[in-house]
Each structure stands twice: as structure tokens, then as C-alpha cells.
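Read the structure below first, then the notes.
The values are calculated or read from the model by the stated rules, or taken from the named source; none is laboratory data. Computed from a predicted model, the values in this text were never measured in an experiment. With ideal geometry, Cβ positions are generated from the backbone for all residues, glycine too; neighbour counts draw on all protein chains shown.
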Ligand code: BES
Ligand code: MN
Ligand code: ZN
């Protein structure tokens, strides 16, 4: 998507104008309506459009107006007009005209600040994301036609300057969405690692550990997950050194199960294709590191992702196998479909031992039980640190990503005790399945401040209500992590 900031809306192909609740035209709206001899007001009063958030009204060719089409886009109540309401208005305007045949959309926000102008561009760009790589026969009428978003602002230079950081985040979200959307025959662990290696161009340091190194280092629970696959397992370490030289880094850790068949504890066929996005946690970590590097954040950060494919095979891990983790703790693998925690166990232990981070925050599509508990609009937050959990929970709502704190009661710890090993990789039955998974991870944190985000509910969306998040891969977590770092960890 091309983004331009312009000083005037003259001769716009499609002009988007914000409208507040009660059909109140914002900014240049009333002037435009006058020029059009009240055509905008008439169009509104003859429709159900009242200016509510995420609703639009197209007014075709209003006489006297220097624009082909005007799209009125809801900004909601004026006293509730925040960053997210602006993003929704810009995103909804894009969706209203994306298939119209017009090549450009001009968003009129000259009454708002340059930062808000930049945010409107950012939102329209995120709204326009589609994964069309493999659609070779898409009909023209179903192909998005908008190629350029123009945003009208009173200060073009300032809006362009503000947009630099927004563009870095947008690019990171897009990169993350692409990873999540790719099928598992394309994005297997080595291919994934290569893509991340490409991010060195942003100034990230990227280190790839292959199976030989992982064996030598003792990533045995991670390797136990990948051993049924013909694809080699990988661990990728990303470093962004934007802070002071001796400043302890913050650390993000991600579950990257490129495909989760369940292994020998095979999943049912129906819906199994969804498990191509079982690497969504790792994609959030990659996206966050991409964003930090892209906008040159003043922080030291490391990202560690464990990439495996969980397959059934003659060489696959069996239910009942006992494996010694990198930490030295032994694990009875009772269900090979509870593989994410095995991947993260070694990654978490390695991260705290090697980097001695300020905190470790992991993201994972870890449990179906998280969806049962919270539904599809909230990720679960488990943490041994109120400060860390609160910083995460404060950032999410600012960027439209919801999360909810969950308990990790020590009283449930007995549910992961094993008669044969130090712990087992599932709880007793289904009760509190997300909590027992979090308790398992906690055993590998060695007392480091830690938060675990279970994004099984939110990594993929089927009927999005958020204009800036099209159906499919969400890139969930990239914006929250970036915002959390910006608000709480940058010097
Ligand atoms: N990747 C799944 C969890 C999942 C389910 C993510 C649905 C997204 C949507 C995970 O590896 C898994 O299979 N978990 C099991 C754990 C159980 C075997 C203890 C689950 O949730 O059923
Ligand atoms: Mn699984
Ligand atoms: Zn999984």
C-alpha cells in the first residue's frame, strides 16, 4: 500500500469524511455539505447511518464536491473518540471502498493532529492486509483496487515524521501475519528460520541453532517434539541492542509449532488444518523484534523461538516416554499433543540461563482450554510478576488487543506431578487445562520474572469485527509487545 500525506483533498477519487454519533459531520464535513447543497446530510437522513463506529455510508458523486465519491465513516461519540475509534473509522472507510474500482482513497482528517493523521494511514494500511500470494485466479471484481491511501493533514512534514514509527510497526504486523498465514509445507522450521535471518537487514542479530547444536546443548524436550518430523527442528535467537551497553535485556519467547498434528496422540481430522497457525506465538515474537528494530527502540531485547513440526511417525515420541529437559528436570510425556510446553520448557530455561533477562514473556497458542475459558476475544495472561502482567495488560487495550489475567495457584501444582518423572506434560483430566499448562512452564523459569500469554483464542480470526484486523492471521501480540516496550521499558 502506498501512503501519502497531502495538504489538500482536491480532486480526490474517493474522499472519506468522519461523522460523529447523531449524524454530526466532523472537520471539513459541514463545509463540504454546504458546497454540495446539503447532499451529505440528505444522504444520512435517508439512511440508517448515524455515525456509529465501524459503519459507513457511500455518497456517490455529490454535485459540487471536488471528489468522485464521498464515504462517510463513523467516528462514534465525540467524548469516546480515542486512538482506536480513529483507527476503526479509517479502517472501515477502506473496507467500504476497497472493491469499488477506485485506485486511491483520501482520508480527510485535517482537523486532527499530525500524529492522528499518521495513525489513520497506519490503520487503513493494516485494514488492507490480505494474503493473496497463492490466489492466481482471483476475479477482478474480488481483487482490492485501492493502491494508495492519501491522508489530508494540516502539517504534511509532521505527519510524515510521525508515520515513520507507525510504518515500522505496520511492517512488523504484516511480516508476522504472513508467517502465520503460510501453510506448513512452505513454512517448516528451516524455511521459517531463513525468513527470520533476513531480518538482519533491520539491524537485528539473528542466530540459528540446528538439530546438531540443540542436541549438544541438551534441548531434549524440544527435540522430542520434532523427532517424528522429516523437517529439522530449529531455535532462532534474535537480538536487538538499542539500549545502553550493559543494560539487562528483556526477553520474548515464542512457541513455533509449524504444524501440530498432535503426534502419536493424533488430533481429529476435522479442523486440523488450523494447526498451521500453531506458530502464532513465535510470529508475535518475530514481529515484536521487527518492530523494535524498525523503529530503533531504545531497549535491549532478545527473542527466542522454538520451531518444530509435531508429526506421528515410527520415530515419534510415544505417550509415556520420559525425557530429560535442558533444565535437568525429567518430564513424562503423557500426551504428545501437549507439545507446546515441551518446546517452551527448553527455550525458557535457555533464555534465562544465557541472557539473565529483566523478564521473560512467552507467547503461545498453547491450549484449546484457553478458548473455552475466555472465548475468542481475549488472550490469557499468567505471571509470577504483577508489575510485568500489569505492563502487558495496560498496553493491550491501547492497541485493540484484549487480554485477561488468569491465576496460577500453587494448589494445582500437584496436577502435573508424575509417578515416574519430575513432572508430566498434562494435568489430571480437562480441569483448568490452561492453568496446568502455565504451571508446567513456570517450572522452567528459575524464578525469573515471567509472563505467559496463551494466544490460542486470538492468533487467528474467522469473522473479524475489527476493521484493522482482516479475517485470518492476526499478528496478535506484535502491537501489544511494541506498545508495552514503548510505555514501560524504553529509556
Ligand atoms: N496447539 C494446541 C492448542 C490449540 C488448540 C491452539 C486450538 C489453537 C486452537 C496445543 O498443542 C494442544 O494440542 N493442546 C492440547 C493440550 C492437551 C493435550 C493437554 C489441547 O488444548 O487439547
Ligand atoms: Mn498440540
Ligand atoms: Zn500445539
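Observations, loosely collected:
- Odd one out for residue 269 among (1) away from ligand 3 (no atom under 14 Å from the Cβ); (2) more than 23 Å from the chain's Cα centre (by Cα); (3) under 18 Å from residue 347 (Cβ atoms); (4) not in a helix (DSSP H, G or I): (3)
- Residue in region 224-247 that is within 13 Å of ligand 1 (Cβ to nearest atom) and either without any contact (Cβ under 8 Å) to a residue 24 or more places away in the chain or assigned to a helix (DSSP H, G or I) (or both) present: yes
- For region 407-439, filtering for residues that are touching a residue at least 40 places away in the same chain (Cβ under 8 Å) and touching a helix residue (DSSP H, G or I) at 6+ places or on another chain (Cβ under 8 Å) leaves 10.
- Only listed residue being modelled with pLDDT of 95 or more and closer than 21 Å to residue 170 by Cβ, chosen from 294, 320, 328: 294
- Taken together, 394, 389, 411 contain a single residue that is surrounded by fewer than 17 Cβ atoms within 10 Å (Cβ to Cβ), more than 16 Å from ligand 1 (Cβ to nearest atom) and under 19 Å from the mean Cα position of the chain (by Cα), which is 394.
- Per the conditions (1) more than 16 Å from ligand 1 (Cβ to nearest atom); (2) over 16 Å from residue 308 (Cβ atoms), the sole criterion not satisfied by residue 284 is (1).
- Counted residues, region 133-157 - those being surrounded by fewer than 11 Cβ atoms within 10 Å (Cβ to Cβ) and more than 15 Å from residue 4 (Cβ to Cβ): 8
- Of the residues making up region 135-147, those that are without any contact (Cβ under 8 Å) to a residue 40 or more places away in the chain and either part of a loop (DSSP other than H, G, I, E, B) or touching a helix residue (DSSP H, G or I) at 6+ places or on another chain (Cβ under 9 Å) (or both) are 135, 136, 137, 138, 139.
- Only one of the numbered conditions (1) away from ligand 2 (no atom under 16 Å from the Cβ); (2) within 16 Å of residue 360 (Cβ to Cβ) is violated by residue 419, and that is (2).
- Residue list for region 272-299, filter: within 16 Å of ligand 2 (Cβ to nearest atom), crowded, with 23+ Cβ neighbours inside 10 Å and in a helix (DSSP H, G or I): 277, 280, 281, 282
- Residues in region 53-79 that are in a loop (DSSP other than H, G, I, E, B) and surrounded by 17 or more Cβ atoms within 10 Å (Cβ to Cβ): 53, 55, 62, 65.
- Looking at region 300-344, the strands (runs of 3 or more DSSP E) lying wholly inside it that each contain 3 or more residues that are away from ligand 2 (no atom under 14 Å from the Cβ), in contact (Cβ under 8 Å) with a residue 12 or more places away in the chain and surrounded by 20 or more Cβ atoms within 10 Å (Cβ to Cβ) sit at 300-310.
- From the list 196, 257, 173, 180, the one residue that fits, being crowded, with 24+ Cβ neighbours inside 10 Å, assigned to a helix (DSSP H, G or I) and within 16 Å of ligand 1 (Cβ to nearest atom), is 180.
- For region 359-379, taking the residues that are under 19 Å from residue 409 (Cβ atoms) and within 12 Å of ligand 1 (Cβ to nearest atom), the one that is surrounded by the fewest Cβ atoms within 10 Å (Cβ to Cβ) is identified as 372.
- Of the residues making up region 278-296, those that are touching a strand residue (DSSP E or B) at 6+ places or on another chain (Cβ under 7 Å), more than 13 Å from residue 236 (Cα to Cα) and away from ligand 3 (no atom under 16 Å from the Cβ) are 288, 292, 293.
- Residues of region 449-483 classified as surrounded by fewer than 24 Cβ atoms within 10 Å (Cβ to Cβ) and under 18 Å from residue 294 (Cα atoms), total: 1
- Close pairs (6 angstrom Cβ cut-off, 6 or more residues apart or separate chains): in contact (Cβ under 8 Å) with a residue 12 or more places away in the chain and more than 18 Å from residue 394 (Cα to Cα) in region 364-382, in a helix (DSSP H, G or I) and near ligand 1 (Cβ under 6 Å from one of its atoms) anywhere: 364/340; 366/340; 367/433; 369/433
- Pair list, Cβ < 6 Å and 6+ apart or interchain, from region 460-479 residues that are outside any loop (DSSP other than H, G, I, E, B) to residues that are within 16 Å of ligand 2 (Cβ to nearest atom): 460/277
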